[in-house]
There are 4 protein chains.
Amino acid sequence: MALADPSVRLYMPSWASSTGLRRCGFAGSYEFTLVLSTLGKSATLQQTRSSLGLHPSAPIHPDHDVENYQNLWWPKTKIVLREPLAEFWGTFILVMFGDGSVAQVLLSTGQTTAPGGNGFGAYQSISWGWGIGLMMGIYVAGDSGAYLNPAVTFTNCLFRKLPWRRFPAYFMAQLLGGFVGSGVVYANYISAIDWYEGGHGIRTVPPAPRATAGIFCTYPQPFVTKASQFFSEFIASSLLMFMIFALKDPSNNGVGKSDKWFPLALFFLVFGIGACFGWETGYAINLVRDFGPRLMSYAVGYPHEVWSAGGYYFWIPMVAPFCGCVFGGFLYDLFIYTGDSPVNSPWFGFKRVAHPQRWTREHVQREKDAGLV
Amino acid sequence: MALADPSVRLYMPSWASSTGLRRCGFAGSYEFTLVLSTLGKSATLQQTRSSLGLHPSAPIHPDHDVENYQNLWWPKTKIVLREPLAEFWGTFILVMFGDGSVAQVLLSTGQTTAPGGNGFGAYQSISWGWGIGLMMGIYVAGDSGAYLNPAVTFTNCLFRKLPWRRFPAYFMAQLLGGFVGSGVVYANYISAIDWYEGGHGIRTVPPAPRATAGIFCTYPQPFVTKASQFFSEFIASSLLMFMIFALKDPSNNGVGKSDKWFPLALFFLVFGIGACFGWETGYAINLVRDFGPRLMSYAVGYPHEVWSAGGYYFWIPMVAPFCGCVFGGFLYDLFIYTGDSPVNSPWFGFKRVAHPQRWTREHVQREKDAGLV
Amino acid sequence: MALADPSVRLYMPSWASSTGLRRCGFAGSYEFTLVLSTLGKSATLQQTRSSLGLHPSAPIHPDHDVENYQNLWWPKTKIVLREPLAEFWGTFILVMFGDGSVAQVLLSTGQTTAPGGNGFGAYQSISWGWGIGLMMGIYVAGDSGAYLNPAVTFTNCLFRKLPWRRFPAYFMAQLLGGFVGSGVVYANYISAIDWYEGGHGIRTVPPAPRATAGIFCTYPQPFVTKASQFFSEFIASSLLMFMIFALKDPSNNGVGKSDKWFPLALFFLVFGIGACFGWETGYAINLVRDFGPRLMSYAVGYPHEVWSAGGYYFWIPMVAPFCGCVFGGFLYDLFIYTGDSPVNSPWFGFKRVAHPQRWTREHVQREKDAGLV
Amino acid sequence: MALADPSVRLYMPSWASSTGLRRCGFAGSYEFTLVLSTLGKSATLQQTRSSLGLHPSAPIHPDHDVENYQNLWWPKTKIVLREPLAEFWGTFILVMFGDGSVAQVLLSTGQTTAPGGNGFGAYQSISWGWGIGLMMGIYVAGDSGAYLNPAVTFTNCLFRKLPWRRFPAYFMAQLLGGFVGSGVVYANYISAIDWYEGGHGIRTVPPAPRATAGIFCTYPQPFVTKASQFFSEFIASSLLMFMIFALKDPSNNGVGKSDKWFPLALFFLVFGIGACFGWETGYAINLVRDFGPRLMSYAVGYPHEVWSAGGYYFWIPMVAPFCGCVFGGFLYDLFIYTGDSPVNSPWFGFKRVAHPQRWTREHVQREKDAGLV
C-alpha cells in the first residue's frame, strides 16, 4: 500500500485532520492518526479490538502491507493486540535497563578488580539506566502512545480525551511487562546475587546489610517519615507529568519541539528526577515499575519483608504516582495549557460530577461518533 | 481555529514577517510572532495586558481554540498573565531540579548503603541537575521567551529590542518562581535536613561543618577574595549571555542551528559552566535562582548568616549577573553580530545618552507603531 | 553530476522507490537506494563487485563525480571494495574508542597525580568509550549499512532480505577492522602496559592481579557459571538487535524517528547495555569486537590463557551474539513488526526448511530480478 | 535586505550552486556560500579583505541589513575581520571551558567540603569541559568555518580546496584566542592557584607535587617515551580529522547527517578522545590550544620548565597535530571519500610536486576565476 493510497485518509477518524497530526504522540496524544485502512474492512477484527477497549483500527504504518498475512492466525492476533503488545515490550525494556543498572551497581559495589578499581558503576549509572530504559521503551512502544506508566495513561484519560476503555488493557500489559522484565534481570544476575548475599538461595530485603531486594523495587531511606515518603513520590510524579504535558504542548512559541525530540527529552527528565529526587524513596513514580518487580521478587523467594519493609511502604509507589501525575497534569492545564482540557471548561470540569450519568452518556456518544470505540 | 485562518496573519504585528519567524525564540527574540487573533478583538483584555507591560495580544498557539472558554474567569486571567505564568513555572522547574540535585548530593554524602557505596550522586550530578533544570524550564516557558533570568531579560531589553515595559512583570514572576520552587525542595527534604544537621530544627550556614544552607543558594569558597568572587560570577554570566546570543544568531553559515536545538544546547552550556566555573562561587549567574531561594531559606528559619556569610557575599550574585550578562552581550554584538543592535549604530549606541528624553520618546513611539505596547 | 541528473533514477533498482528511501539505513535496510549511475555502465566493475557478493553498483553520493578518476587503479579498486572498506573503518573506529577507553581506565587505576586524584576515568568512561565508538563508527560506515557486527549482518540477512552473498565480505572486513583497530590501541599504550604489568614484555591475563589482556577482549567475572556467561551475552545481544529493529521500524506512530537520530540512539543503547549488563561478561555482544582483538593480543605475545581463561570462555562471545541477535530480531518481528518479514509469513517462515532447494532457487531468482546480485 | 533579493545570488561565486550548499560548513567546506551582496559593491572593503587572504566578500546572513552601518568605522572593520574574529572567539570559548574544567578539577582535588565529599569534579569533568568548549566554539564561529585548530585548517587547505591564503589570518586569530582565553582562566583562578600551590606567587610545573601549570597546557606522563608521546598525539589527531571528514561527507547513505548535528557530534568525538586517548599526553591535538596557553603561562610567571618539562616535550603538541590531521584526512580520502580530492587524482595528487610552479600558477588562476581570492 503506497502512502498516496486515498483509503488511508478515508478511514482516518474525523479528528485526524492535518492539525491533529501535530497533537499526536506519546502520552499527550488524543489518539493515533495513522490507522490501518485495509484491516478497517475486516469487521470481526474491529469488533474484537473494540471489545478489548482498543481503537477499532490498529495503528499500522501505511507502508506495511498487512494484506499478505492478515489471514494467518498469529499475525492477526498480533494486530488485535497491537497496543498492549507495544506497551508490554516498552515496559519490559524500561525495567530491563532500569533494574539491570541497579543490579550491576549494587552487586559490584567496591569491587577492586574493576577497571578504575571501584566497582562497575556508581549511583549515577542508575540515572543513566532508567533514563535510557525509558528512552528505548518509547522507541519500542510508539504505536501505542508509549505511556509505559498507568498513572500517565490515567492522566491522559482524564485531561487529554484518551478513552477510559483503553485503560484496562494498557494497564495489564504494562504490569506484565514490569513483571517479566524484572524476572529476566533476576535470571541474568542470579549467580551474582547468590555470590553477593553470601550463599545459594539467600535473599534479603533492606535494611539488611547485604540485601539485594532493592535491585527490583524501591525501599525508602530509614529516616524518612511516612508523610515524606508519600510527598517525595508525589512531587517526583507531578514533575514527570507536568513536563510530559509541556513537551507535548504544541504551543511554546519560539522553542521548537517535535516528536523526534521526545525520547531524548524524557531521558533527561528521568535522569534529572533520579539525580534530584531519587534518594529518599528511589523515585518509583510508576506503579508497574515498582509493584510488578516487587511481585516478581516475592514470587522467586524474597521473604515477606518485600511488603512489610519501611512500615508497609509498598502501597506508596502504587498510590502516590496516580495522585502526583493527576496533580502535575492539573497544574499544567490550570496555569499554562490553552488547548482543549476539562480544566479549561466551566467549573474546571468538575461540573460533570453533578450529573455523572448524563455526562458519561454524552461522552460515550461523542467517542462513538468519532470512531474511537 | 485552523492554521489557515487568515485572521492569524491579520493580527500579527508588522515586524512578524516570515523572516521574523526565524528571529523568534528564547532570549534572543524581538518578540513573539504567533499571537492570538481571536482575543485580539477583546479590547479590555488587551488593555489589561498592556497595563502590565505585556504585549497586547497573548501568545497562544493558533490550533488552540480559546473562544470556547474566554468568558470564564480563570482562563481569561490565565491569558492575561500568560507570560508571567510561563516564566514563573519555568523558573520553578529550574530551581526544583537545581536545588534538588544539591540537596540529594549534599545530604547523602558518603552514605555507604547507597548502590556503589558512596552516596547518591557526586558533584557532577549537580551539573546535571542545573543543566536539566534549565532545559526543562525552557520547554515549559517557551511562550514567554523562556528568559528565566532577569539578567538575560535585561540584556535582551538593551540589545534586542525587548520592550523595557516587559521587565517588571517578568522579574516578579521569575523571582517568585525561584522562591516557591526552592520552598518545595525544602519541604521535600525537610526530614533529611533534620537528620543531616543532627537534630530537629537545627539549621546552619557554611562554613559550619554540617551546614545545609548551601542547598538553596550559593556561598563562596573561604579562600576567595571579594574581587575574585565578583570576577568569577561576572565571567560565568558573560559566558552565558555571549553563548545565548551566539545560539540565537541566525548567521553562523555552515553550522546549522534551530530553535529545536536550543534547550539541549543550553543544557550543555550550563553543564559546562558548572564543570568549569562552578567551584569558587557556585555559579549563581542568576539573581532569582540565588536571591529567591536565599529569601526562602531565611524565611523558613536559617539564621542571619545567610546574608552575612562570606563577608556579606549575598549581593554579588544579585549584581554580578547583570554586569556579566550585559558585558557578554556587548562583546558578542561588538565583535560578531551583524544584525540590528545599538552596538551596530553610531557611537555604539551611547549617543542616546546625550538626549535621553528625545530618544525615549521616539523609541516608545516606534514600539506603539509596531503594536508592541 | 547534478542531483537532477535523470540517470540517477534510471539505474536505481526497481525496489528503490520513494517509499524505499525510508526503509533505508543502518542495519534495518533492505539495501541502499543511492547507487552510482555512471559506473553502472562499466560492466567489468559490476562483475567484479558481484563476484565478491556485493551489489553490482557501488553506493556513491550523486554529487560525487567519479567519472574524473574511474580509470585510475586505486580509485577503481576503492569503488569495487566500497562497502568492505566502510565496514573495516567503522569497526576500526569502534574498537579504537572502545579498547582505548578500557586501556586508559585500567592502566591509570588509582593514579593520584591525576586531576581529581583518582585515575584518568572510572568504569563509566568505558560506557562512554564504546557508545562513542559505535556512534562514530556508524557515521563512518553509513555507505555500507554500518552493521559493524556480523551478528547484526546475519540477522538482517535472515529477517530483512539483505542477500546472504553479502555476508562473507562484510564479515572479513569487520574482523580485520577489529584486529587492526585493537593493534593500534596496543601500539599506542605499549609503554604504559609495560609500566603497569611491572616490566618490559610482561603480559598477563585475568585473573592475574596486574593483568592487561582485559583491555582488548572480554573475560568473565570469576563467580559466573558457564550458563550465566552465555545467558548474559545472549540477553545483551537480544536487547541490541531488538532495539535496532525498533529504531529502524518506520512505524511507531507518534514517536518520530529518523536516520539522523540513529547514531545518537545507538550511543545511548550501547551505553545502557554497558551500564546494565556489562559486569558479568563485559558485554562483547559482537564477535569481531572480541575475537579480533583476542587474536591480536595472542599474536603480540599474550600467553595461551587468552583462550583458556574462564574455562575456555572465548567461544561464548563468538556464538552467543549470533544466537542473541537472531532471537532479539525474532522477538521484535513476532510481536511488533508488521512489515515484510519471514516471521510474518505462513509457519513463521519455517516452511522454507521443507523444500530448501526450491526455496533457495526462487529466492536467488527474485534477487536477480531486483538487480541485487 | 529580504531573502528574495536577487542580488544575493548574483554575487555568489560560481561554485555556490544549490548542491554547493550541502558541501558547506565546518572544516569540510570548500568555502562559504552565503556572501554579502551589498558590501560586494564596496571595492575598497573587498580589496582590504583580499589583501588579508580572506574571501573578497564577508559571510553575512542575508537577513542582516548591514547597509545601515557600513559607513561606521568599527562595524566596517568588523566586517573586514569577520572570519578572524569568529575564529578568535571560537578558540577563546574552547579554551575557556577546556582550561576552566582542568582548573576546577585539579585545584579542588579531594576537597571534603564539596557536596559528595570529594572535590568539585573528577577526571571525566575534563572530558565534558573540552567537549562542551568545542561544541560552543563551533556555535560561535560558524561564519568562519569553525576550524578552531590550525591543523584542521591546514588539512582543509590540502584536501578540500580551502585557499592557502586563508591560513595565516586564521592561524593568528586562533593562536590569539588560545592565549587570551587561557589568560582569562588564569585571572579567574589566580587566588585559588595561590591557595593550591601553597603561597602567593608560587608557580610550579609537573611533576612537582602541587604543580598547576597543567591547567593550561599538556604535560606527558613520566613513563611515556618520546616516541610514544608523539604517537599518542598523532593517533588522537588522526582520529579527529578522520571523523571530521566523515561527518562532513555528504555520502554515507542511510545514515542521515546534517550540519545541525555537527556540534553535538564533535562534543562526543572530543569527549571520546579525552576518555580513550587522553591519559599519556593530555590530548592536545591542537597547536593553539596548547602553545597559546603555554606562552601565556610562561608570560605570567611560570618557570622555564613549561618548555623543558618532559624532555622539551612542548614541540610535540605543535608538530604532531599537523602530521596526525594530514594523515587522518589522507586515510579518509584514500579509503572512503569519493568526492573531489587530490587523493582521488592521478598519482594521489603527488604529481604536482613535479612541476610545482606551473601547478601553483594554474591553481591560483582557478581560484581567481571562482572569485575566491
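The values are calculated or read from the model by the stated rules, or taken from the named source; none is laboratory data. Owing to the predicted nature of the structure, the values given are computational and were not obtained by experimental measurement. Reconstructed Cβ throughout: ideal geometry from the backbone, glycine too, with neighbour counts over all protein chains shown. With ligands, DNA and RNA removed, areas are computed over all heavy atoms of the protein, side chains included. Shrake-Rupley method; radii C 1.70, N 1.55, O 1.52, S 1.80 Å.
Annotation: D:Tyr170 fulfils all but one of (1) open to solvent by less than 10 Å² (accessible area, probe 1.4 Å); (2) touching a residue at least 24 places away in the same chain (Cβ under 8 Å); (3) within 8 Å of chain B (Cβ to nearest Cβ); the unmet one is (3).
Scan the stretch B:310-323 and give yes if some residue there is touching a Gly at 6+ places or on another chain (Cβ under 6 Å), in contact (Cβ under 8 Å) with a residue 12 or more places away in the chain, part of a helix (DSSP H, G or I) and not charged (D, E, K, R), otherwise no. No, the stretch B:310-323 contains no residue that is touching a Gly at 6+ places or on another chain (Cβ under 6 Å), in contact (Cβ under 8 Å) with a residue 12 or more places away in the chain, part of a helix (DSSP H, G or I) and not charged (D, E, K, R).
When A:Pro62, A:Pro56 are checked against the criterion of being more than 29 Å from C:Gly349 (Cβ to Cβ) and part of a loop (DSSP other than H, G, I, E, B), A:Pro56 stands alone in meeting it. Of all residues in the stretch D:148-166, which are within 12 Å of the chain's Cα centre (by Cα) and hydrophobic (A, V, I, L, M, F, W, C)? Once the filter is applied, which keeps residues that are within 12 Å of the chain's Cα centre (by Cα) and hydrophobic (A, V, I, L, M, F, W, C), the stretch D:148-166 yields D:Leu148, D:Ala151, D:Val152, D:Phe154.
For B:Val152, indicate whether it is in contact with a helix residue (DSSP H, G or I) (Cβ under 8 Å, 6 or more places away or on another chain), over 21 Å from B:Trp261 (Cα atoms) and part of a helix (DSSP H, G or I). Considered against the rule, which asks whether it is in contact with a helix residue (DSSP H, G or I) (Cβ under 8 Å, 6 or more places away or on another chain), over 21 Å from B:Trp261 (Cα atoms) and part of a helix (DSSP H, G or I), B:Val152 comes out as no. If you go through the stretch C:333-347 and keep only what is outside any helix (DSSP H, G or I) and either surrounded by fewer than 18 Cβ atoms within 10 Å (Cβ to Cβ) or not aliphatic (A, V, I, L, M) (or both), you end up with C:Tyr337, C:Thr338, C:Gly339, C:Asp340, C:Ser341, C:Ser345. Against the criterion of being assigned to a loop (DSSP other than H, G, I, E, B) and either in contact with a Gly (Cβ under 9 Å, 6 or more places away or on another chain) or of a type in the set (Lys, Arg) (or both), A:Thr204 does not qualify.
You will find that of C:Ser127, C:Ser101, the residue that is farther than 30 Å from D:Val205 by Cα, hydroxyl-bearing (Ser, Thr, Tyr) and outside any loop (DSSP other than H, G, I, E, B) is C:Ser127 and no other. Considering (1) at pLDDT below 95; (2) basic (Lys, Arg); (3) over 30 Å from D:Gly329 (Cα atoms), the lone condition that D:Arg160 does not fulfil carries the number (3). Note on the stretch A:182-211: among residues that are of a type in the set (Val, Ile, Thr) and more than 14 Å from chain C (Cβ to nearest Cβ), the one that is farthest from A:Thr91 (Cα to Cα) is A:Ile202. Scanning the stretch B:244-303 for residues that are at pLDDT 95 or above, open to solvent by 20 Å² or more (accessible area, probe 1.4 Å) and either aliphatic (A, V, I, L, M) or under 18 Å from the mean Cα position of the chain (by Cα) (or both) returns B:Phe291, B:Leu295, B:Ala299, B:Val300. Within the stretch A:90-108, if we keep just the residues that are facing chain C (nearest Cβ under 7 Å) and polar (S, T, N, Q), the residue that is nearest to A:Ser144 (Cα to Cα) turns out to be A:Ser101.
Between A:Phe330, A:Phe350, the distinction of being surrounded by fewer than 16 Cβ atoms within 10 Å (Cβ to Cβ) and part of a helix (DSSP H, G or I) belongs to A:Phe350 only. Does the stretch B:68-85 contain any residue that is at the interface with chain A (Cβ under 7 Å from one of its Cβ atoms), open to solvent by 20 Å² or more (accessible area, probe 1.4 Å) and either touching a strand residue (DSSP E or B) at 6+ places or on another chain (Cβ under 8 Å) or part of a helix (DSSP H, G or I) (or both)? Yes, the stretch B:68-85 contains a residue that is at the interface with chain A (Cβ under 7 Å from one of its Cβ atoms), open to solvent by 20 Å² or more (accessible area, probe 1.4 Å) and either touching a strand residue (DSSP E or B) at 6+ places or on another chain (Cβ under 8 Å) or part of a helix (DSSP H, G or I) (or both).
Would you point out which residue out of C:Ile193, C:Ile215 is open to solvent by less than 10 Å² (accessible area, probe 1.4 Å), farther than 18 Å from C:Asp290 by Cβ and touching a residue at least 40 places away in the same chain (Cβ under 8 Å)?
C:Ile193
Of all residues in the stretch C:223-235, those that are open to solvent by less than 40 Å² (accessible area, probe 1.4 Å) and at pLDDT 90 or above have Cβ atoms under 6 Å from Cβ atoms of residues that are outside any helix (DSSP H, G or I) and β-branched (Val, Ile, Thr), 6 or more apart or on another chain, in C:Gln229/C:Thr281; C:Ser232/C:Thr281; C:Glu233/C:Thr281.
Just to be sure I understand, how many residues within the stretch C:223-282 are assigned to a loop (DSSP other than H, G, I, E, B), under 22 Å from A:Thr113 (Cβ atoms) and within 8 Å of chain A (Cβ to nearest Cβ)?
Qualifying residue count, the stretch C:223-282: 6.
In the set (1) in a loop (DSSP other than H, G, I, E, B); (2) open to solvent by 30 Å² or more (accessible area, probe 1.4 Å); (3) of a type in the set (Gly, Ala, Ser), D:Ala187 fails one condition alone, (1). Looking at B:Gly129, B:Gly116, which one is within 22 Å of B:Met318 (Cα to Cα), at the interface with chain A (Cβ under 8 Å from one of its Cβ atoms) and buried (at least 24 other Cβ atoms within 10 Å of the Cβ)? Of B:Gly129, B:Gly116, the one residue that is within 22 Å of B:Met318 (Cα to Cα), at the interface with chain A (Cβ under 8 Å from one of its Cβ atoms) and buried (at least 24 other Cβ atoms within 10 Å of the Cβ) is B:Gly129.
In the stretch A:274-286, the count of residues that are within 30 Å of B:Phe271 (Cβ to Cβ) and of a type in the set (S, T, N, Q) is one or more.
For C:Leu240, the conditions (1) at pLDDT 95 or above; (2) more than 25 Å from C:Gly145 (Cβ to Cβ) all hold with the exception of (2). Would the stretch D:154-163 turn up any residue that is buried (at least 24 other Cβ atoms within 10 Å of the Cβ), over 13 Å from D:Met96 (Cα atoms) and among the β-branched types (Val, Ile, Thr)? Within the stretch D:154-163 (the criterion being buried (at least 24 other Cβ atoms within 10 Å of the Cβ), over 13 Å from D:Met96 (Cα atoms) and among the β-branched types (Val, Ile, Thr)), the answer is yes, since at least one residue qualifies.
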